[in-house]
Amino acid sequence: MGGKKDAPKGKAQESSPSTGEWKKSKCTDSTLLQLVEESLLEPRKVFQQRESISDVAPFENIDELVLFQQFIECSLTLPASYFLRGLFSFYVHHLNPNSILHLSIFVHFYEAFLGMQPHWNLFCYLFHLKPQPNSINPNRIGGYGFQLNQGRGSKYLEYSTPNSLFGWKNC
C-alpha cells in the first residue's frame, strides 16, 4: 500500500511527476487487520499482504501488486481476474475511479454473462487510455483514464459514469 503526496489540508492531493516525491506509507499490520475486520480485504490465509510502513515510494516484489489503501476503502477488492491483474500490474495506481469502473464492467460482462475470459484486443478496440489532466503533466495517482473510443458506444453496453470525480482521492 502506498502513500499520497503531501498537500495542505482541504486541497486536492496531487504530486508532480517531475519531482518523484511520495509521502511515506503509513500502512502497518494493524491497518491491514482493520481492513480485514471491515471486510474490505481478505485475510492473509486467503490473500497475502504486507505492511509498507517503511516504503518511501510504492513498489512491488516479484508476485506482488501495489494496492493503495484508499482504493480498498473505495471497494476495489481482490483477488481479481487474470485480465484485471495483468492491467493492474502496469496501471493500478495510475487509474482514476471511472477507469476501474470501465474495467470492472468489461470483466464482469465477460466472466459472468459470457462465461469466458475477457479479451485484450476487444478492450483496446472499445477503449483508449487518456492522460489526466493532460499528456504533458499526468497526475502521479489517477493520471490516466480509460475512455470509450469515439463511435464505439453503440457497440457496447450502455451505462453512465460520474461526471465529476473531484475529491475521489480522499474517499
- request: Pop a pseudo-label 7 angstrom from the Cα along the beta-carbon direction at both His128 and Cys74 and give the gap in nm to one decimal.
  value: 2.4
- prompt: Taking region 42-75, which chymotrypsin sites (Phe, Trp or Tyr not before Pro) meet the DSSP loop condition and have no more than 15 other C-beta atoms within 10 Å?
  reply: Phe47, Phe59
Computed over region 29-170: relative contact order in percent, which uses C-alpha pairs under 8 Å that are six or more apart: 21
message: For Arg140, what residues show an amide H to amide H distance below 5 Å, using hydrogens built from the backbone and excluding near sequence neighbours?
response: Ser15
message: Could you work out how much longer the chain between Glu60 and Gln147 gets when fully extended? Use 0.36 nm per residue separation minus the Cα distance between them, nm to one decimal.
response: 28.6 nm
query: Taking 0.36 nm per intervening residue step and subtracting the Cα-Cα distance, what contour gain separates Lys155 from Ile53 on full extension?
result: 32.2 nm
statement: HN-Hα couplings for region 52-62 via Karplus (6.51, -1.76, 1.60; θ = phi - 60°), in whole Hz with x for Gly/Pro, come out as 10, 4, 9, 6, 7, 9, x, 8, 10, 7, 4
statement: Between Lys130 and residues 5 or more places away or on another chain, the pairs with built amide H atoms under 5 Å apart involve Gly145, Phe146, Gln147
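Values in this text are rule-based calculations from the coordinates and carry no lab data. Treat the numbers as computed from the prediction; the structure is a model and nothing was measured. Quick reminder, even Gly has a Cβ in these numbers, built from the backbone with ideal geometry, and neighbours come from all protein chains shown.
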